[in-house]
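I have placed the structure first, in the form of structure tokens, so that the comments after it can refer back to it.
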Amino acid sequence: MIHDFTCTDVRDQLEAFHDGELTIHERVALQNHLGECSVCNHVSNELSSIGSTLRDLAGLVAAEEPVERLRISAHVIERLRVEEQFSIRAQVMDWFQDMHLVWAGIGASVATLICVVGSASVLHAASQERPNSMARVISVLASPGSNDNPLRLNYEMSAPRAATDAAIEISEEEVEYALSAVVSREGRVQGVEVINQRPTNNAEVNAMLNEAYRMKFAPATARGDAVAVSMVWLVANTTVKGRHDVDIQVLRQALRLQTTPAPIAPLPIPPDAVPAPRPHAAPFMKPVTPEVSSSAVFALAAGGGD
Amino acid sequence: MKDAGALGWVEVGHHEAALIARCAAREPTACAELVSGHERMVFQLALHLLGDRDEALDLSQEVFFSVFRTIHKFRGQSALKTWIYRICINQARNRQRWWRRRHKADQVSLDQHVEAQGDLRQPGDDTAPDRAYARKQLAERLWLALDHLPFDQRTVIVLREIDGLSYEEIAFSLGVAIGTVKSRLTRARQTLRDELREVRP
């Protein structure tokens with residue numbers, strides 16, 4: 001490829017041309033232009049003369065100062081040898097030549113020591129187990145199945161079984177509670193909470209929770225090891241209606257038959273009898289039958305009569 | 001942009017690699033060989049950059065100490081020569097900062113060398129006395145102008161015109177991009193050319 005250079009191009013490339021940084025095609029094209037254009041040729045000659053004059057000068061200076069006479073090599077080798085010999089000792093001597101450095105060094109050592117002690121104490125304080133410390137959180141997370149990090153039950157585990165009679169006494173009727181709880185590795189119940197509703201009867205619920213805490217379980221096991229697991233515990237108090245109800249009716253009937261009170265109306269006066277003074281509440285106070293069981297009924301009747 | 005530091009051990013050559021390995025092991029003959037092989041180059045560059053013989057001699061020794069101290073870090077990222085140039089330039093740059101400040105007044109100008117020599121070696125058949133005088137005048141002016149150039153421009157023009165390094169080698173020696181080398185060269189040449197035009201309008 002032959003370049004067709006204008007004078008501007010040539011001026012831009014002239015230095016690279018002189019420095020031998022152009023491709024062969026560019027060189028040829030540029031030389032062609034220099035042959036034709038006297039202005040560019042003049043600029044080129046100026047550049048050449050700078051270079052040649054500088055080289056002349058350098059040659060002159062070099063002739064003035066024969067390097068061989070300077071014995072640089074001998075000096076360098078000698079000093080290297082000496083340095084090698086005395087390097088460590090010289091360095092140590094240098095350190096102690098200026099006592100400022102020694103004091104600074106001692107100061108730095110003391111400061112470092114204080115820093116180390118300080119950071120060690122901080123680390124020591126940090127490693128003590130506090131429930132909200134990072135170390136504690138990490139150790140809890142690192143040990144699934146511990147009492148603080150209970151597992152969810154899955155099919156690979158055996159579920160915890162109640163060791164004691166798992167009945168909780170509830171006086172309230174017709175009520176269901178869902179409790180969330182953790183069964184620990186030792187089989188104890190922890191962290192029981194009512195989760196299905198807001199407890200309305202606090203005393204009742206507290207009593208139930210106390211019962212729940214007293215329960216004892218055989219802990220859940222996973223691959224033979226006891227693990228803490230979360231569980232949901234349903235407590236329901238259900239009234240079963242059946243023959244029991246009928247018995248009470250029969251019993252009441254029987255009781256009523258036994259304890260029927262005397263009629264409340266005035267007794268018929270026998271014709272031969274002297275009219276007696278009118279009694280006040282005497283018939284009600286006088287038990288008709290001496291049985292104790294009827295007294296309650298009487299008292300009830302008396303209360304109702306008033 | 002072309003990276004100036006991307007050459008390999010191939011560039012260095014087997015003999016040089018072996019020499020470097022022996023120098024790293026502090027073998028005295030190898031060290032002597034390395035120094036004697038490069039002392040002329042280093043001393044002349046130092047002389048051109050600093051313009052003082054004693055200073056240049058001192059700098060040359062320092063350069064070789066620095067070379068031996070760091071030669072175990074040399075991984076053939078350039079030719080050994082270019083690497084030594086780089087060390088030399090860095091040290092000269094550090095030195096000329098304070099040296100220029102302190103000794104500016106009694107600095108010996110190198111045109112004394114020219115005067116002492118009396119005449120310049122003439123290229124070709126140019127032997128007429130008046131032409132010779134003109135060339136001497138020119139050389140003196142040019143040397144002064146070179147001496148007054150900023151350090152970076154002086155370094156670039158010396159490496160290019162006297163030591164004959166390529167742009168890439170100069171870029172590595174100075175630790176700059178090739179574009180920077182080109183622009184510094186242009187500026188240095190502009191200054192020197194103005195100087196030339198004053199001498200022979």
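Please treat every number below as a calculation from the coordinates, not as lab data. Since we're looking at a predicted model, the values are computed, not measured. Note that we place each Cβ from the backbone using ideal geometry, even for glycine, and neighbour counts take in every protein chain shown.
With a 10 Å radius around each residue's Cβ, average the other Cβ atoms per peptide and rank A:29-42, B:134-147, highest first. The partial results should precede the final answer.
On the way: A:29-42: 14.6, B:134-147: 18.9.
Top of the packing list down: B:134-147, A:29-42.
Over the whole of B:36-46, what's the average partner chain Cβ count within 10 Å per residue? Rounded to a whole number, please. Write out the running numbers ahead of the final one.
Numbers: counts 7, 1, 2, 8, 7, 1, 2, 5, 6, 1, 0.
Counting Cβ atoms of other protein chains within 10 Å of each residue's Cβ and averaging gives 4.
Computed FRET efficiency, Cβ-Cβ of B:SER36 and A:ASP9, R0 41 Å: what is it to the nearest 0.05?
Values: r = 46 Å, r/R0 = 1.12.
It comes to 0.35.
Show me, for the range B:141-158, the HN-Hα J-couplings you get by feeding each phi into the Karplus relation (A = 6.51, B = -1.76, C = 1.60, θ = phi - 60°), rounded to Hz, glycine and proline as x.
Calculated HN-Hα couplings, in order: 4, 5, 5, 4, 4, 4, 5, 8, 5, x, 3, 5, 5, 4, 4, 4, 6, 5 Hz.
For the range A:206-211, take each phi angle, set θ = phi - 60°, evaluate the Karplus expression 6.51 cos²θ - 1.76 cosθ + 1.60, and give the result in whole Hz per residue in order, putting x for glycine and proline.
Each residue of the range A:206-211 in turn: 4, 4, 5, 5, 4, 4 Hz.
Roughly how crowded by other chains is peptide A:74-82, in terms of the mean Cβ count from those chains within 10 Å of each of its Cβ atoms? Display every interim value, and only then the final one.
Details: counts 3, 7, 14, 8, 0, 4, 9, 3, 0.
Per residue, the number of nearby Cβ atoms from other chains is 5 on average.
In sequence order, what are the phi-derived ³J(HN,Hα) couplings for the range B:178-185 according to the Karplus relation 6.51 cos²θ - 1.76 cosθ + 1.60 with θ = phi - 60°, rounded to whole Hz, with x for glycine and proline?
Those phi angles translate into 5, x, 5, 4, 4, 5, 5, 4 Hz.
For a quick protection proxy, order the peptides B:41-49, A:206-214, B:186-194 by their average other-Cβ count within 10 Å, most packed first.
On the way: B:41-49: 23.8, A:206-214: 15.4, B:186-194: 17.7.
Highest to lowest by the protection proxy: B:41-49, B:186-194, A:206-214.
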